[in-house]
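Shown next, in structure tokens, is the structure this report addresses.
The values are calculated or read from the model by the stated rules, or taken from the named source; none is laboratory data. All values reported here derive from a predicted model rather than from experimental measurement. Backbone-built Cβ (ideal geometry, glycine too); neighbour counts: all protein chains shown.
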Amino acid sequence: MPPSQTLTIRRVGIDTWRENVAYLHRDCPVVRAAGFQALSKVSIRANGTTIAAVLNVVDDARIVAPCDLGLSEDAFRRLDIPEGHEAQIDHAEPPPSIAALHRKIGGDRLGRDELFAIVGDIAAARYSKIELAAFVVATQQNELDRDEVLHLTEAMISVGQRLHWREDVGSGPVVDKHCIGGIPGNRTSMLVVPIVAAHGLWCPKTSSRAITSPAGTADTMEVLAEVEIPVERLVQIVRRTRGCVAWGGTAGLSPADDILISVERPLGLDSPGQMVASILSKKLAAGSTHLLLDIPVGPSAKVRSMPDAQRLKRLFEHVAGHLGLTLDVMLTDGRQPIGCGIGPVLEARDVMRVLQNDPLAPPDLRDKALRLAGRMIEFDPDVRGGDGWRIARDILESGRALERMNAIIDAQGRRAEPLFPGPLTHEVLASSDGVVTSIDNLRLARIARLAGAPQMPGAGADLLKKMGDPVRRGEPLYRVHAGIEAELNFARRLADADSGYRIGAVADSAGGFV
């Protein structure tokens, strides 16, 4: 490349969320000489490293001078050179897998090599957000078949790190638990991990941040401890405590999935095929040999009917079976939020109340966590089937689960200052006398997100009534918490238009769930 197309690197403090973005001034000679346009794909080379990036053209020299090449935070970090270093820029070749992407957009079935190529290009950041969105939407509209999901899962595992625990556990199981999501407040993982770790099982729990919900397990655990833990330290923590609750993105266990999630989150998409590949790739990469999967079923859950739940269960079983993962699937009641809190701080409060055997602990969260932990304890070959629940209950009631959770929190790095629910509140009141017959998970989740969760940890909703509870007109159903007046107003308008609660004469009966 001619010397005139060599530019000086400038770090532009913009978080482009897992996308490499380059910035050139409109009067930059390279823009005119090479015919670059906004959103062009460019190749940047410096010090033996090459990255692909999407070009943004700017007019303000305070952002990027005409002879400089600006890089977003992601691009600067990936290129890994100091500011002021020289770099060369040119048009980028299309990703090698672009033809396979176009085939999927057209509705074709993709083979193993094609999916490996797509995932390899995604992990190498060769896809723009537009191309990533096209892939996510294509797999949503043209649903992946069972073998495509299997190959996608294998591909996601192949491009990341993989943990191995055989030297530590011998022939024993390495266990994990995961919920497919969609139920606000369902923070059972933070209870299950210390219970099964206190029993003696290894449970390296890598968790997700919220995609479409007001909080993921990692967001809630971050209220109590660090969750962005490098893989080497994560291994040390698990060896010391037999468990962890960490964000999977930091460990680099399935980096292509983390990039896809960055697109799925703003689109609000979570297709079955992507879901299965995302969950199983992370669990296998974390070294799990046994997985308990929670699939909540309900009218406002991700899975609305038992036939849909059974289809998803079979898809998980097909992929897990081919990859050597022992899988136990529980179909659970997803008709309403679990616990009282929705949002990181409120959910963390519920978790700690259960661990502390506090009388204010939500009984539904406690009961579900014990059922899940009991099933996981039965992965232990020395435990008879049916004994797991009793063992889990004894560990919780004795305080051993709390002791283990405190050990995990200290090992990960306990938060120095406690966080509190948002100080701005609004109570949503019952419109009539009666009994709560249903609660809309999606509505409550949206209200909590508008209030600021999970970006503002103290934001969310605190449920004061659950299904089956009697209410009087004007009585509070739940309390919205926020930290900013504007966000409280957004949430209040949505809640006042439709609270998400239905009040009738008789509550629905529960049944059909584990």
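Annotations
- The single condition from (1) part of a loop (DSSP other than H, G, I, E, B); (2) at pLDDT 95 or above that Ile409 fails is (1).
- Exclusive hit being in contact with a helix residue (DSSP H, G or I) (Cβ under 8 Å, 6 or more places away or on another chain) and of a type in the set (A, V, I, L, M), set Leu419, Leu429, Leu442: Leu419
- Hey, Val303 under 21 Å from the mean Cα position of the chain (by Cα), under 22 Å from Pro204 (Cβ atoms) and of a type in the set (Val, Ile, Thr) or not: no
- Any hit, the stretch 483-490, residues being buried (at least 21 other Cβ atoms within 10 Å of the Cβ), under 25 Å from the mean Cα position of the chain (by Cα) and under 27 Å from Met352 (Cβ atoms): yes
- Here is the figure for the stretch 416-435: residues that are farther than 12 Å from Ala495 by Cα and touching a strand residue (DSSP E or B) at 6+ places or on another chain (Cβ under 6 Å) total 7.
- Screening Gln140 on (1) farther than 20 Å from Ala320 by Cβ; (2) in contact with a helix residue (DSSP H, G or I) (Cβ under 8 Å, 6 or more places away or on another chain); (3) at pLDDT 95 or above shows it passes everything except condition (3).
- Search result, residues across the stretch 404-416 that are charged (D, E, K, R) and touching a helix residue (DSSP H, G or I) at 6+ places or on another chain (Cβ under 7 Å): Arg404
- Which numbered condition Ala65 misses (of (1) in a loop (DSSP other than H, G, I, E, B); (2) under 19 Å from Ala134 (Cβ atoms)): (2)
- Scanning the stretch 246-265 finds one or more residues that are in contact with a Pro (Cβ under 9 Å, 6 or more places away or on another chain) and at pLDDT 90 or above.
- Scanning the stretch 366-384 for residues that are over 14 Å from Thr326 (Cβ atoms) and more than 28 Å from the chain's Cα centre (by Cα) gives Asp382, Val383, Arg384.
- Within the stretch 162-183, tally of residues that are more than 14 Å from Lys368 (Cα to Cα), under 18 Å from the mean Cα position of the chain (by Cα) and either among the small types (Gly, Ala, Ser) or at pLDDT 95 or above (or both): 3
- Pick from the stretch 341-355, criterion touching a helix residue (DSSP H, G or I) at 6+ places or on another chain (Cβ under 6 Å) and not charged (D, E, K, R), ranking: farthest from Pro184 (Cα to Cα): Leu355
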